[in-house]
Amino acid sequence: MAATISGDGSVVFDRVQKSYDGEVLVVKDLNLKIDKGEFVTMLGPSGSGKSTCLMMLAGFETATHGDILLGGRPINNIPPHKRGIGMVFQNYALFPHMTVGENLSFPLEVRKMGKDEREAKVKRALDMVQMGDFIDRRPAQLSGGQQQRIALARALVFDAELVLMDEPLGALDKQLREHMQYEIKHIHENLGITVVYVTHDQSEALTMSDRVAVFDDGIIQQLSTPEALYERPENAFVAQFIGENNTLSGVVQAIKGDAATIKLDDGTVTEALAVKCGDVGNRTTLSIRPERVTVGGNKTKNSTDAKVLELIYLGDHIRCRMNVHGNEDFIVKVPNSAGHTHLQAGETTTVSWGKEDCRALDA
Amino acid sequence: MTDATTDTNGMALAADGTPLKKRLGQALFRSKMRALGLATPLLLLIFFCFLVPIIIFLIRGVHNDTFEVHMPAVSVELAQWDTTSEPTEAMYAALAADLVLAKETKTIGKVASRVNRELSGTRSLFTKSARKAKKLEAPYKDALIGVSKKWADIEVWKALKVSAKSWTPAYLASAVDLKYNADGSFERKSEERRIHLQLFVRTLEISVIVTVMGLLLGYPVAFLLSTLPARTSNLLLILVLLPFWTSLLVRTTAWIAMLQSQGVLNDLFVIFGLATDEDRFSLIYNKTGTLIAMTHILLPFMILPLYSVMKTIPPTYVRAAKSMGATDWTAFWRVYFPQSIPGIGAGGILVFILAISFYITPALVGGEDGTMISNFIDFHMRKSLNWSLAAAMGGVLLTIVLFLYYIYDKVVGIDNMKLG
Amino acid sequence: MIKSLLLGAAAGAIVASSAMAAEITVVSWGGAYTKSQIEAYHKPWMAKTGNKVISEDYSGGLAEVKSQVEAGNVTWDLIDVELSDAIRGCDEGLLETIDPSILPAGADGTAAMDDFISGSITECAIPTIVWSTIFAYDTSKIADGPTTIGDFFDTSKFPGKRGMRKGPKSNLEMALAADGVAAADIYDVLGTPEGVDRAFAKLDTIKADTVWWEAGAQPPQLLADGEVAMTTAYNGRIFNAVAAEDKPFGIVWDSQVFDLDLWVIPKGAPNKEAAMDFVAFSTATEQLAAQASYISYGPARKSSSSLVGSYHTKPDLAMGPQMPTAPENFATAIQNDFEFWADNQDELNERFNAWLAQ
Ligand SMILES: Nc1ncnc2c1ncn2[C@@H]1O[C@H](COP(=O)(O)OP(=O)(O)O)[C@@H](O)[C@H]1O
Ligand SMILES: [Mg+2]
């Protein structure tokens, strides 16, 4: 086997910067530590520099500044083919002039592996993705989902400790995509490899990952588990980007411990959890998840009048658009449970939320 | 989706009960006819502008009725002659009558030229005899032999017999250095007159070398073009195309200035001590000159199809290969190169076919061992006016090209070729 | 009323004159030669008749004429051809016959038929000049220059490349002359297979040193570029390089092969009448003599000789001695035998080409 250095599969980005043109930093200050066996997803809008990070890791782009460590060793000067990293590309990059079997045996051939061993490994990898019968087909004779599996098998066949996937499911339809998410997740669990996964689809990121790094504007906005990401977004971007979110804006009046008093733009004063609101006098954005808002009930400190503007029946719940503190796009999800409140468009009701569910973030 | 209903024999039926196959055939037929109708004007244009002239020209290579039309009487007599017995009085009489006719219609020159190609020296025999033909009297045999003793020579009559055949393999035979005899047999031409076979071989050789050199030079250039950012590659592409903006003649002449013995290149050789002033390299007016100039001139035809194919090969393939552990060379050779083969096929065929019929450049810089078959076709078109032989040579060349194309199709496959 | 009448008459006059002013296309060999024709023939004729001459170049041969006539789309009116092509084109019915009675008598009163070089007026062609194939060298490079045709074939005495026309014509004659055959016997020898072998054998001796040219403009260029030490050439081209461009070239007249150039009219020429008039005008004694002050080709009329003056830009450069027909140049001259070539050119071309390709 050729000497490759992916080692135990752990990855460290240490103050990495990248610029293509010497003017704009596409990646600004990337610090990221990925442990062996972890499934880490880079999530972010298109153009936020996710692929760039992956390409630097794979060795197809060089970091402008900073170090990338693989298995504890810096790899800045190691060419891609010596890094021993498995890779799944968005368009699969299956070699059109080779059969499925030849595609899979390619990485083994360049490692000068014997024929028998090669065949055994190819078969095992194909079985893993349930594509054993397709060994003699050409990529063009496969459906998108089948090509995806082959690409996956090809990245795994040479026993890489680290596998990179750049939007690997982007070209599939929704159903197939969800199915493949589980399969990839299972394979990851079974093999114990490290996976760095890139996507712009938040539900994909939340479903699959151990940890998610939310990218925007060349920096990681938040790095945490899917749960924390959703429950405890650390800034307005993350709150906005992950899941649905209502916002109210105002100015910080007082802070006591983790409790902040906020004066909203319509003059009302309310309580919130101080997360990233800065000091007194700063503008802040309050973030409240729709499902954490209760409709009707008694007035508390964090309740207010709300005018129902629109109702959408969605089966398991009813989506309700309201005017709350002047925000006309305030969404509330009313569960379609037995004996739930029946609202009418145009009526005024009371909405309330817990202080800890109202997070004061950056403006 | 339900399956189509089937009849008792298990044949699929359409909604109205007719067999599905038949309905499909009808539906397809109608759309095919419509498509054909739209394409008809174009097909006709292609037919009349390309195929008909080629066919007419090729027919010239096997058909020349100059003699039969202008010497009708003796042609009839010659058809019955067995080529060994003494020519009869009837043949002489018919000849005399035809000579008078040809003189009056001013066609004697054409007839004489025609026969002279079969046997040198008969031209003046015909023109001289025609001038006196009117005064000849029976017995015509003696009278004609009185005009020139050559009329008694059986070789002259054999030449007449060959000329009198309108549909004749003589020109095709001549195009491959064979001689067609009056008795219908073929023999090789005498050694000092054999030339065409050698030329066909040389033409193929030059074309192959030019194609291979074009590939060796063009591939890296096309590769570079396809990997550079669009702005730079467009600029370079213009440089590649620049030669198209100047005439072929200018480019060839530029090579003369470069390569001639007092030219730029030789001057440099002398300056750097690679050659002495008296003993400069012969880089032009020979095969070397033809090869250099043709490779340069045909290079864009190699680069463009290569470039357009390479442009469509996404860089992710090579990246994928490298991520799997392939070195730069392996990634290129096993992954990139096979995908560029359609471009090689297209560029190769294009350059080869252009090269095989190249004409101006070898004429200007080819000297003797660098001239090609087209130069001889041109010679027979413009100088010797032997259009039939030119047509026959063109026919042989076309056959060779079609044959090679067929081989290519068998080996590589025509659909494995992409022009853009 | 009167006004409109006048206008009408004026318009009529314009129409009439434009209908009468013919435009003929005259085709010739280009370069200094065509220029001499323009100066001596075209300009005076246009001035005299008000007609227009369009001058086109070609590189000889009957191919274009043949395709024009056979396609029934003749655009040329008058062509300058070599004798062999004139005879052949006439035989093949490609050319109009020209009645020699349209030719004016010589300036000294000699009848046209007696004034032209004997036998040179043929059924379809009227001669203009005598030109010849000679060989030339660069006097600045070879001090003690060659003097005989034998020197041309002697690369040990005069080392260096040779230029020759790519074709058997005149090369075979010169080769035999160099091999010792007298001018008068050349075509008798060449008519035998042994004679042909002998000529090719002589050519073999310099084949490796020979650069072959095709167009008449090439030999002076080859000499000037130093590509060859000596080259055969048309005498007028070398003269022009010497007289007009001051090139240091010398001409060796020994065993020159001379030939005629003639006017012919393609069958079905669009402006046949005007072309006939042009032929008669341009072959008059004065015009032929005038042409000789632009290029060193000999006039086809004997009566022109006494009128030949000096080079048009150099009054002290007498043209008489530059002519192929000048007595001191003419002693060993070989006259091109068109009949021999008409009979044998197919075979000799083929053999020559095969010989070249070997
Ligand atoms: N090869 C390149 N040259 C120049 N700019 C690039 C290149 N690749 C990406 N970029 C720029 O870098 C930014 C980040 O790109 P990318 O990493 O592909 O984002 P993502 O994968 O998150 O969509 C984008 O603005 C993109 O235009
Ligand atoms: Mg991307």
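For the reader, a short list of remarks on this structure follows.
- A:Cys320 exposes around 0 Å² of accessible area when a 1.4 Å probe is run over every protein chain in place.
- Peptides A:56-67, C:47-58 ranked from most to least packed, by the mean per-residue count of other Cβ atoms within 10 Å: A:56-67, C:47-58.
- Accessible area, probe 1.4 Å, largest first, for residues B:Asp378, B:Asp177: B:Asp378, B:Asp177
- Between helix C:235-245 and chain C there is an angle of about 80 degrees, using the helix long axis and the longest principal axis of the Cα atoms.
- Overall, the anisotropy analysis places region B:164-307 in the oblate class: the square-rooted eigenvalues a ≥ b ≥ c of its C-alpha gyration tensor yield a/c not less than 1.5, with a/b not exceeding b/c.
- Longest segment of chain B lacking trypsin sites (Lys or Arg not before Pro) that sit in a DSSP loop with at most 13 other Cβ atoms within 10 Å: B:136-420
- Projected label distance in nm at C:Lys157 and C:Ala215, using a 7 Å step from Cα toward the beta-carbon: 3.5 nm
- Percent accessible area from carbon and sulfur atoms, region B:158-216, protein chains only, probe 1.4 Å: 65 percent
- Charge sum, other residues only, whose C-beta stays under 12 Å from B:Glu205's C-beta, Lys/Arg counted +1 and Asp/Glu -1: +1
- Calculated mean residue ellipticity at 222 nm for chain B: -21000 deg cm²/dmol, from DSSP H runs with n ≥ 4 weighted as -39500 (n - 2.57), summed, divided by the residue count and rounded to 500.
- Neighbourhood net charge (13 Å Cβ-Cβ; Lys/Arg +1, Asp/Glu -1) for C:Ile102: -3
- B:Val240 contributes about 20 Å² of solvent-accessible surface, heavy atoms of the protein only, 1.4 Å probe.
- Scanning residues 5 or more positions from B:Gly370 or on other chains, those with amide H under 5 Å from its amide H are B:Lys287, with H placed 1.01 Å from N in the peptide plane.
- Distances between placed amide hydrogens fall under 5 Å for A:Val27 paired with A:Lys18, all partners being 5 or more residues away or on another chain.
- Taking every protein chain into account, the accessible area of the protein assembly as shown amounts to 45 square angstrom per residue (probe 1.4 Å).
- Note on chain B: Cα convex hull, mean projected area over all directions, 37.2 nm².
- Taking θ as phi - 60° and the Karplus parameters 6.51, -1.76 and 1.60, the scalar couplings of region C:41-52 work out to 10, 4, 4, x, 5, 5, 5, 6, 9, x, 7, 10 Hz in sequence order, x denoting glycine and proline.
- Ranking C:Met230, C:Val53, C:Thr283 by how far each Cα lies toward the positive end of the dipole of chain C (charges on Cβ) leaves C:Val53 at the top.
- Zone residues, region A:155-169, relative to A:Lys36, backbone N less than 19 Å from point 7 Å out along Cα-to-Cβ: A:158-164
- A:His342, A:His186, A:His325, ranked by accessible area, largest first (probe 1.4 Å): A:His342, A:His186, A:His325
- Simple label model, 7 Å out from Cα along Cβ direction - C:Thr192 to B:Leu13, nm: 9.8 nm
- Potential extension, B:Ser190-B:Glu104 segment - 0.36 nm per residue separation minus Cα distance: 27.2 nm
- Ranked from largest to smallest solvent-accessible area, with a 1.4 Å probe on the protein heavy atoms, A:Ile312, C:Ile149 come out as A:Ile312, C:Ile149.
- Taken over the C-alpha atoms, the protein assembly as shown has Rg and Dmax values of 46.2, 144 angstrom.
- Range in chain A, longest, excluding exposed trypsin sites (Lys or Arg not before Pro) [loop by DSSP; at most 10 other beta-carbon atoms within 10 Å]: A:113-298
- Per-residue ellipticity at 222 nm from helix content only, as computed over chain C with -39500 (n - 2.57) for each DSSP H run of at least four residues, stands at -11500 deg cm²/dmol.
- Between B:Asp142 and B:Val201, residue separation times 0.36 nm minus the direct Cα-Cα distance comes to 16.3 nm.
- Across region B:66-191, the volume of the C-alpha convex hull divided among the residues equals 96 Å³ per residue.
- The calculated P(r) of region A:1-101, using every Cα pair and 10 Å bins from 0, goes 14, 44, 32, 10, 1 in percent.
- Gyration tensor verdict on region B:196-416 (Cα atoms; rounded if a/c is under 1.5, prolate if a/b is larger than b/c, oblate otherwise): oblate
- Accessible surface buried once A binds B (1.4 Å probe; total of both sides; Å²): 1700 Å²
- Prolate/oblate/rounded label for region A:46-185 (Cα gyration tensor, a/c 1.5): oblate
- Qualifying GluC sites (Glu not before Pro) in region C:172-233, where qualification requires a DSSP coil assignment and no more than 16 other C-beta atoms within 10 Å, comprise C:Glu214.
- For chain A, the mean residue ellipticity at 222 nm estimated from helices alone is -7000 deg cm²/dmol, where every DSSP H run of n ≥ 4 contributes -39500 (n - 2.57) and the total is divided by all residues, rounded to the nearest 500.
- Residue-count net charge about C:Pro44 - beta-carbon cut-off 15 Å; Lys, Arg +1, Asp, Glu -1: +1
- Computed from the alpha carbon atoms alone, the convex hull of region B:139-215 holds 133 Å³ per residue.
- Spin-label pair A:Glu178/B:Leu217, simplified geometry with 7 Å Cα→Cβ offset, distance in nm: 6.2 nm
The values are calculated or read from the model by the stated rules, or taken from the named source; none is laboratory data. Only a predicted model underlies this, so the values are computations on that prediction, with no experimental measurement involved. In this analysis, Cβ positions are derived from the backbone assuming ideal geometry, glycine residues included, and neighbour counts consider all displayed protein chains. Protein only, heavy atoms only, side chains kept; ligands, DNA and RNA dropped before computing areas. Shrake-Rupley method; radii C 1.70, N 1.55, O 1.52, S 1.80 Å.
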